[in-house]
Amino acid sequence: MAIPVKLEVFEGPLDLLLHLIEKNKVDIYDIPIVVITEQYLDYIKQMETQDMNVMSEFLVMAATLIDIKCRMLLPREVNEEGEEEDPRAELVQKLLEHKMYKYMSEELRDRQVDAYRNLYRDKHLPKEIQDFKPPVNYEELLDGVTLSRLNEIFQSVAKRQTDRIDTIRSQYGNIEKDEVDMDVKVLYIQAYAREHHTFSFRKLLEKQNSKMEIIVTFLIILEMMKTGELVISQEKLFDDILITSNI
């Protein structure tokens with residue numbers, strides 16, 4: 001005997017079916033189709049609405065339930081894999097999907113309500129914090145390249161500059177050269193770094209014309225490494241050191 005069911009308005013037939021399943025505390029994978037169909041039809045009789053679009057959706061589901069109820073009385077059909085097909089399977093799949101979407105919509109609605117409760121203030125940081133720069137990690141900056149290795153390259157290039165001296169012409173007298181302009185050399189190295197992006201440390205030193213220029217270039221490279229404008233790397237021990245520009 002069907003149990004009288006007096007329900008509120010539902011969003012659709014699937015929503016009503018989920019309510020009936022939860023109300024009867026039955027397994028959604030093993031729906032007692034006879035009981036649920038009777039309760040569903042009882043609800044249809046109690047509906048008071050003039051909207052035919054709404055009524056048609058509920059009537060289509062009622063016809064579907066009656067069809068499933070009739071098929072449950074017949075011998076089960078067997079699929080290609082030799083398994084019996086459950087007439088309720090398609091309906092169960094739709095109910096599971098509807099239940100998932102319903103849960104997701106409720107979750108999103110709750111999050112929207114919580115979001116309305118959040119207040120944010122304008123960004124305001126003290127000048128001391130805005131101007132703060134984290135200290136340079138020299139170990140990370142060098143990335144396995146030791147200063148002794150840099151010094152070896154520096155000494156090697158400096159020796160080559162010494163070997164370039166013409167022993168014959170050098171006897172004619174001492175030629176005084178102007179001091180190296182540090183600012184000009186910084187601009188030169190910055191322009192060189194922008195143009196080449198990644199270049200050899202050794203080749204850069206070899207392009208210098210004197211030992212003083214090599215020393216100044218070496219110091220500028222170290223300072224630019226400290227500020228993060230240049231990064232050095234070395235793939236293998238004793239390989240050439242490469243400099244990459246971040247300018």
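Remarks
- Restricting attention to the range 218-247 and to residues that are of a type in the set (Val, Ile, Thr) and modelled with pLDDT of 85 or more, the residue that is farthest from the chain's Cα centre (by Cα) turns out to be Ile220.
- Taking first residues from the range 191-219 that are at positive phi and partners that are at pLDDT 85 or above, the Cβ contacts under 8 Å between residues at least 6 apart in sequence or on separate chains come to His197/Thr244; His197/Ser245.
- Scope the range 19-29; condition in contact (Cβ under 8 Å) with a residue 12 or more places away in the chain and either under 10 Å from Met72 (Cβ atoms) or surrounded by fewer than 16 Cβ atoms within 10 Å (Cβ to Cβ) (or both); matching residues: Lys23, Asn24, Ile28, Tyr29
- Hey, Ile215 within 38 Å of the chain's Cα centre (by Cα) and within 19 Å of Ser156 (Cβ to Cβ) or not: no
- For the range 79-112, filtering for residues that are surrounded by 14 or more Cβ atoms within 10 Å (Cβ to Cβ) and assigned to a loop (DSSP other than H, G, I, E, B) leaves 3.
- A single entry from Glu128, Glu140 fulfils the requirement of being assigned to a helix (DSSP H, G or I), within 26 Å of the chain's Cα centre (by Cα) and either at pLDDT 75 or above or exposed (fewer than 10 other Cβ atoms within 10 Å of the Cβ) (or both): Glu140.
- Qualifying residue in the range 49-58 (condition: touching a helix residue (DSSP H, G or I) at 6+ places or on another chain (Cβ under 9 Å), aliphatic (A, V, I, L, M) and surrounded by 14 or more Cβ atoms within 10 Å (Cβ to Cβ)): no
- Residues of the range 218-247 satisfying the condition of being within 13 Å of Ile153 (Cα to Cα) and touching a Ser or Thr at 6+ places or on another chain (Cβ under 6 Å): Asp240, Leu242
- On the stretch given as the range 197-247, residues that are in a helix (DSSP H, G or I) and either among the small types (Gly, Ala, Ser) or out of contact with any helix residue (DSSP H, G or I) (no Cβ under 9 Å at 6 or more places or on another chain) (or both) total 2.
- Just one of the numbered conditions (1) in a helix (DSSP H, G or I); (2) closer than 21 Å to Ile28 by Cα is not true of Lys45: (2).
The values are calculated or read from the model by the stated rules, or taken from the named source; none is laboratory data. Being a predicted model, the structure only gives us computed values, none of them experimental. Ideal geometry is used to build each Cβ from the backbone, glycine not excepted, and the neighbour counts take in all protein chains shown.
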